[in-house]
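Single-structure report; data block below.
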Amino acid sequence: MIVTLEVNGEPCAAEVAGFESLLWVLRERLGLTGAKDACLQGECGSCSVLLDGEVVCACLVLAADAEGARVTTVEGLAGGSEGELHLVQQAFVDAGAVQCGFCTPGLIVAAAHLLETRPGAGDAEVREALSGNLCRCTGYGAILRAVARAQSQATQGGAP
Amino acid sequence: MSEVLVQRPTVRGGVGESVPRPDAVPKVTGRFDFLGDLHAEGMVWGATRRAWLPRARLVRVDVTPALTMRGVHAALTQDDVPGHRYQGQKVTDQPVLAEGEVRTWGEPVAVVAADDPETARRAADAIIVELDELEPLTDLDEALARGSVFRHVRVRRGDPDARGEVVVEDTYTTATQDPAALGTEAGLAVPDGLGGLDLWGPTQWTHVDRTQLAACLGLSPEQVRVQPCRLGGAFGSREDLSLQTHLGMLALRLGRPVKMVYDRTESFVGHVKRHGARMRYRHEADRAGRLVRVEAQLLLDGGPYELTSSAVVANSSYFALGPYRCQRVEVDGYALRTNNPPSGAMRGFGANQPCFAAEAQMDRLAEALGLDPLELRLRNAIGPGDHLATTGQLIEHPLPTAEVIRSVAAIPLPDALAPADDDPRRLPGGTGLTTPRDRVVRGVGYAVGLKNLQFSEGFDDYAEARVELTAEGARVHTAAIEVGQGMVTIIAQVVRSTLGVSQVEVAFDHTGRIGSAGSTSASRQTQMAGNAALEAATVVRTQALERLGGDHLDDAGVWRGEQLLAPLAELVADGPIEHHVRYRHRPTQQPDADGQGALHVDFCVAAHRAVVDVDPDLGLVRVVEIAIAQDVGRALNPQQLHGQIEGGIAQGMGHAIMEEVVLDAGVIRNASFTDYLLPTCLDAPEVEAVLVEQPSPWGPFGAKGMAELPTMSATPAVVAAVRAATGRALTRAPVRPEDVVGDLR
Ligand code: FES
Ligand code: FES
């Protein structure tokens with residue numbers, strides 16, 4: 001079947017099989033490999049994308065169910081021009097929150113969503129919001145510092 | 001090495017600065033291509049058929065049903081291996097695909113290639129495999145009794161008659177831990193049209209993969225170009241081959257690119273794990289709290305193939321006591337052959353398991369002596385001028401054991417759980433809402449770890465690097481593998497500080513372009529790749545200065561005093577200045593029959609303090625804080641060091657209270673992230689870290705490789721804290737709820 005959806009602001013159409021996930025279509029049909037595939041079971045968050053403004057595990061969404069949806073992946077987060085970073089992306093770079101980087105795209109999407117929906121979230125709330133995103137390298141300390149940095153910049157400098 | 005002068009301390013991005021990773025931006029924008037993101041024109045997808053019994057006679061494999069499916073291009077078995085049919089880093093005892101007998105659950109039996117992954121998976125399932133079940137060998141004592149041993153390391157040192165009055169003894173167990181790198185095994189093989197191929201696969205040492213692949217594929221080493229890979233983590237699990245040979249076989253057979261990606265369940269059987277261990281310890285001390293005698297028997301579960309087990313058990317044996325003096329030591333370490341999943345390298349490489357047992361023994365001894373556990377450790381702490389209690393090696397260089405113990409003890413304890421704090425996210429039961437605030441018991445525990453750096457026991461260990469200076473700055477070529485740990489940043493910082501030039505790029509070369517950098521393991525690349533780059537850069541700088549008679553170099557060019565002799569572009573107008581180095585660390589000795597000798601290059605220590613809150617009714621544990629004092633030699637990049645410390649601690653803490661590969665007669669019962677629990681950010685403790693800087697003569701600018709220690713002693717520290725909270729012996733890691741509740745043993 002043909003599925004049409006809007007990805008990172010662009011209208012897209014892809015030929016998909018009934019069993020294929022949104023993650024598969026993004027990665028293999030549309031060439032957007034930013035979202036990752038560490039578990040394919042909804043346990044790790046490496047595949048996180050925004051679906052109509054909500055964070056979802058793209059591995060758990062059937063591509064067919066995304067018909068007509070608006071999808072934002074890590075590649076489309078910053079918008080604007082090439083090389084420009086979203087506040088959260090810049091904070092991850094500055095705080096040293098990236099090691100191997102495999103968890104990073106999913107965490108960036110989840111953290112950006114948190115910043116937008118609950119800009120004043122406290123430590124426990126941030127931890128809870130990001131607890132669906134596994135990271136094996138950092139122990140999360142630098143990730144939490146990156147989120148705190150983005151939060152304080154967002155309040156100082158207006159909306160992200 | 002520490003003698004090299006920093007040409008201009010003001011160079012941007014030099015040693016000591018928290019320079020961001022050069023690959024951070026592509027990683028945060030999703031544009032960094034990991035192995036699973038690779039694509040080649042015309043590629044097909046591979047899949048693996050695996051055995052479902054831990055041990056069986058392989059009666060029949062028939063690939064015909066797969067080959068007759070639409071979209072399937074090849075289905076290969078062990079008979080199709082073009083070259084040597086066995087692989088392995090040290091001993092080639094692992095069949096590329098099962099032959100004669102299946103020796104472990106999930107062992108690969110056949111591989112297929114098809115147009116898409118789904119067809120490949122169905123084709124693999126369609127292959128007829130007949131197994132005749134055999135009794136698996138899965139118990140360590142039974143393996144020992146049967147002589148199923150890869151290596152026995154025997155250590156005897158000191159006066160055999162030395163005995164202490166105060167004795168503690170027990171048997172300790174550590175479960176198998178999965179490295180669980182977030183990126184699963186993935187790879188791509190691309191035939192070059194001339195009979196050879198380019199291969200991207202998960203590796204920590206491309207040249208050792210090349211040796212094995214060339215042999216198994218029937219090619220010369222030059223025909224196999226193992227490419228630098230972009231890994232979603234490693235932690236040891238990429239030291240041994242997984243899918244590389246299979247990819248190579250399929251690509252050569254088909255003459256077209258083949259890609260393969262394991263899913264998480266397949267990944268659990270597709271890479272090596274931290275050895276499960278059973279350890280029997282007897283410690284004897286005198287009344288003054290001096291260790292007099294330690295006897296240890298260490299049984300490590302190697303699984304069916306040797307891989308790196310023979311080196312892992314050496315580390316277990318040589319670091320069986322931790323960083324303490326002792327008059328008499330008797331250690332027998334065994335790497336055992338079983339039908340459990342293959343074990344190999346994981347962060348700490350065999351030093352973690354005995355650290356768990358020996359540190360528990362130190363606490364028991366302290367209790368028996370009526371001494372503070374830290375005081376007991378301080379009374380026995382080794383440092384320069386002492387001999388390692390196991391191998392007898394003289395510690396000639398900085399080893400700040402007492403300093404890390406004192407430093408960690410000096411870090412203020414976290415606040416007590418506020419009586420009013422009933423936010424479930426701060427209670428052991430978490431958002432499961434199971435823990436009433438007033439039932440929570442707090443405990444504090446300590447542990448100290450000691451480990452070697454770089455390869456030991458006489459191994460000819462080297463790393464190559466080439467540094468080129470051009471008008472744009474310097475470029476460092478290396479075959480070392482960046483697994484996420486940040487070597488890419490460190491090498492550039494070392495070269496910047498050596499040359500005085502800020503614009504430095506690290507180029508990762510395939511095996512055909514440069515010689516081996518050795519493995520990204522054994523805490524070795526900061527010192528090995530780092531020193532190779534430093535030596536090459538030192539020569540480049542000298543040549544640059546000599547060309548024009550200058551006395552210093554920086555971004556502007558070559559200077560004599562205050563006079564700029566020439567900008568970089570002019571200096572290199574006749575071509576880049578370059579130098580290639582093969583750096584070797586000081587030679588080490590092979591052990592004698594008693595395990596004695598100067599077997600190691602350098603050592604590193606760390607001390608942990610864990611604070612936990614326990615729900616004693618349900619056996620749930622929350623790690624509140626881990627404090628660590630860590631020997632780093634010299635801090636080249638403080639931010640990265642803290643990242644390694646926090647990440648290492650999470651893995652060590654995970655192994656203390658949640659991470660275990662559950663084995664049932666050789667079968668993994670929790671091969672998914674649903675069932676194998678990794679720490680999330682709700683589980684991650686606060687970390688307070690102190691870096692102890694005493695420069696090592698063996699590292700660039702005095703640095704030590706350090707990233708294994710944070711994992712090692714975190715596990716025993718957390719379990720010690722749970723012991724303190726519950727009064728239970730807890731001789732097993734991880735601690736399970738049932739170990740905390742119920743009858744006291
Ligand atoms: S890949 Fe989707 S949650 Fe893990
Ligand atoms: S940085 Fe490697 S998994 Fe998070």
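The values are calculated or read from the model by the stated rules, or taken from the named source; none is laboratory data. These numbers come from a predicted model, not from an experiment. Don't worry about glycine lacking a Cβ; one is built from the backbone with ideal geometry, like all the others, and counts go over all protein chains shown. The accessibility values were calculated without ligands, DNA or RNA, using every heavy atom of the protein model including side chains. Shrake-Rupley method; radii C 1.70, N 1.55, O 1.52, S 1.80 Å.
On the Cα set of region A:87-156, report Rg and Dmax in Å, please.
Final numbers for Rg and Dmax: 10.6, 32 Å.
Return the FRET efficiency for the residue pair A:Phe19, B:Leu134: r is the Cβ-Cβ distance, R0 is 25 Å, and the value is rounded to the nearest 0.05.
Efficiency, rounded to the nearest 0.05: 0.10.
Mark the label point 7 Å from the Cα of B:Glu118 along Cα→Cβ and return the residues of region B:61-75 whose backbone N is within less than 18 Å of it.
B:69-73
Would you list the P(r) distribution for region B:319-395, with all Cα-Cα distances sorted into 10 Å bins from 0 and each bin expressed as a whole %?
Cα pair-distance distribution for region B:319-395, in percent: 16, 42, 30, 11, 1.
For B:Ala573 and B:Glu693, compute 0.36 nm times the residue count separating them, minus their Cα-Cα distance, and round to one decimal in nm. Display every interim value, and only then the final one.
On the way: separation 120, 0.36 × 120 = 43.20 nm, distance 4.17 nm.
Full-extension gain reported as 39.0 nm.
Over region A:2-76, what percent of the accessible surface lies on carbon and sulfur atoms, probe 1.4 Å?
It is 50 percent, rounded to a whole number.
Given contacts defined as C-alpha pairs under 8 Å and at least six residues apart, what's the relative contact order of chain B, whole-number percent?
With pairs under 8 Å counted, the relative contact order is 17 percent.
Among the complete DSSP H segments of chain B, which ones combine at least 30 Å of alpha-carbon extent along their axis with a mean Kyte-Doolittle hydropathy of -0.5 or more?
B:528-548
Along each principal axis of its Cα atoms, how long is chain B end to end? Whole angstroms, biggest number first, please.
78, 73, 58
Just the number please: accessible area per residue for the protein assembly as shown, 1.4 Å probe, all protein chains included, in Å².
Per-residue value: 34 Å².
Which Cα, out of B:Val408, B:Gly196, B:Ile128, lies furthest along the positive dipole direction of the protein assembly as shown (beta carbon charges, K/R +1, D/E -1)?
So the residue furthest toward the plus end is B:Val408.
Counting only protein heavy atoms and using a 1.4 Å probe, what share of the accessible area of region A:87-156 belongs to carbon plus sulfur, as a whole percent?
The nonpolar share, carbon plus sulfur, comes to 48 percent.
Taking only DSSP H segments of four or more residues, each worth -39500 (n - 2.57), what value at 222 nm results for chain B once the sum is divided by all its residues, to the nearest 500 deg cm²/dmol?
Using -39500 (n - 2.57) per qualifying helix, the result is -7000 deg cm²/dmol.
Using Cα pairs closer than 8 Å and at least 6 residues apart in sequence, work out the relative contact order for region A:87-156, in percent. Present the calculation step by step, with values, prior to reporting the outcome.
On the way: 65 pairs, mean separation 38.0, N = 70.
For region A:87-156, the relative contact order is 54 percent.
Apply 1/(1 + (r/R0)^6) to the Cβ-Cβ distance of B:Gln589 and A:Thr155, taking R0 = 60 Å, and write down the FRET efficiency to the nearest 0.05.
Once the sixth-power term is evaluated, E becomes 0.50.
Quick one: Cα convex hull volume of region B:366-466, Å³ per residue?
Hull volume normalised by residue count: 248 Å³.
Taking only Cα atoms of region A:2-76, what ratio of Rg to Rh do you get with Rh as the Kirkwood inverse-distance radius?
0.91
Rounded to the nearest whole Å³, what is the per residue volume of the convex hull around the Cα atoms of region B:1-113?
It comes to 255 Å³ per residue, whole-number rounded.
Using only alpha carbon pairs under 8 Å that are at least six residues apart, calculate the relative contact order of region B:45-130 and give it in whole percent.
Across region B:45-130, relative contact order equals 51 percent.
Taking R0 as 56 Å, what's the FRET efficiency between B:Arg513 and B:Arg287 from their Cβ-Cβ distance, rounded to 0.05?
0.35
If you put +1 on each Lys and Arg Cβ and -1 on each Asp and Glu Cβ, how big is the dipole of the protein assembly as shown around its Cα centre, in Debye rounded to 20?
1400 debye
Compare each residue of region B:662-697 in its chain alone against the assembly with all protein chains, and report those whose accessible area goes down by 10 Å² or more; 1.4 Å probe, heavy atoms.
Buried on complex formation: B:Ser672, B:Phe673, B:Thr674, B:Leu678, B:Pro679, B:Thr680, B:Cys681, B:Leu682, B:Ala684, B:Glu686.
Which values of log₁₀ I(q)/I(0), to two decimal places, follow from the Debye formula for region B:629-745 at q = 0.12, 0.21 Å⁻¹ with a uniform point scatterer at every Cα?
Values returned for q = 0.12, 0.21 Å⁻¹ are -0.55, -1.13.
Among the listed pairs B:Lys451/B:Lys704; A:Lys36/B:Lys90; B:Lys27/B:Lys704, which are separated by more than 23 Å between their Cα atoms?
Over 23 Å apart, Cα to Cα: A:Lys36/B:Lys90; B:Lys27/B:Lys704.
Output the Cα-based Rg and Dmax of region B:50-99 in Å, rounding Rg to one decimal and Dmax to a whole number.
In order Rg, Dmax, the Cα atoms of region B:50-99 give 13.2, 41 Å.
List for region B:173-207: residues with 30 Å² or greater reduction in accessible area, all protein chains versus chain alone, probe 1.4 Å?
B:Leu182
State the antiparallel share, in %, of DSSP beta bridges confined to the protein assembly as shown, rounding to the nearest 5.
Of those bridges, close to 80 percent are antiparallel.
If you wrap a convex hull around the alpha carbons of region B:633-680, what volume per residue comes out, as a whole number of Å³?
Per-residue hull volume (Cα only) is 107 Å³.
Let me know the Kirkwood hydrodynamic radius for region B:481-586, please, with Cα pairs as the basis and the value in Å to one decimal.
Averaging 1/r across every pair of different Cα atoms and inverting gives 14.9 Å.
How much of the DSSP bridge set in region B:403-514 is antiparallel, in percent, rounded to the nearest 5?
Close to 50 percent.
Mind grabbing the interface size between B and A? I mean buried accessible area, both sides, 1.4 Å probe, in Å² to the nearest hundred. Don't skip to the end; give the middle numbers.
On the way: alone 26670 and 8120 Å², together 30660 Å².
Chain pair B/A: roughly 4100 Å² of buried accessible area.
For the protein assembly as shown, max minus min Cα coordinate along each principal axis, in Å, sorted largest first?
80, 78, 63
Would you work out what percent of the accessible area of chain B, with all protein chains in place, is carbon or sulfur (probe 1.4 Å)?
Solvent-exposed carbon and sulfur of chain B make up 48 percent of the total.
If you look at just the Cα atoms of region B:266-315, how large are its Rg and its Dmax in Å?
Looking at region B:266-315, its Cα Rg and Dmax stand at 16.2, 53 Å.
For region A:87-156, what is the charge dipole size about the Cα centre, in debye to the nearest 20, if Lys and Arg each add +1 at the Cβ and Asp and Glu each add -1 at the Cβ?
In total the dipole reaches around 120 debye.
Check each residue of region A:80-114 and keep those whose accessible area, probe 1.4 Å, is at least 40 Å² smaller with all protein chains in place than in the chain alone; give them in order of residue number.
A:Leu85, A:Val93, A:Val98, A:Gln99, A:Cys100, A:Phe102
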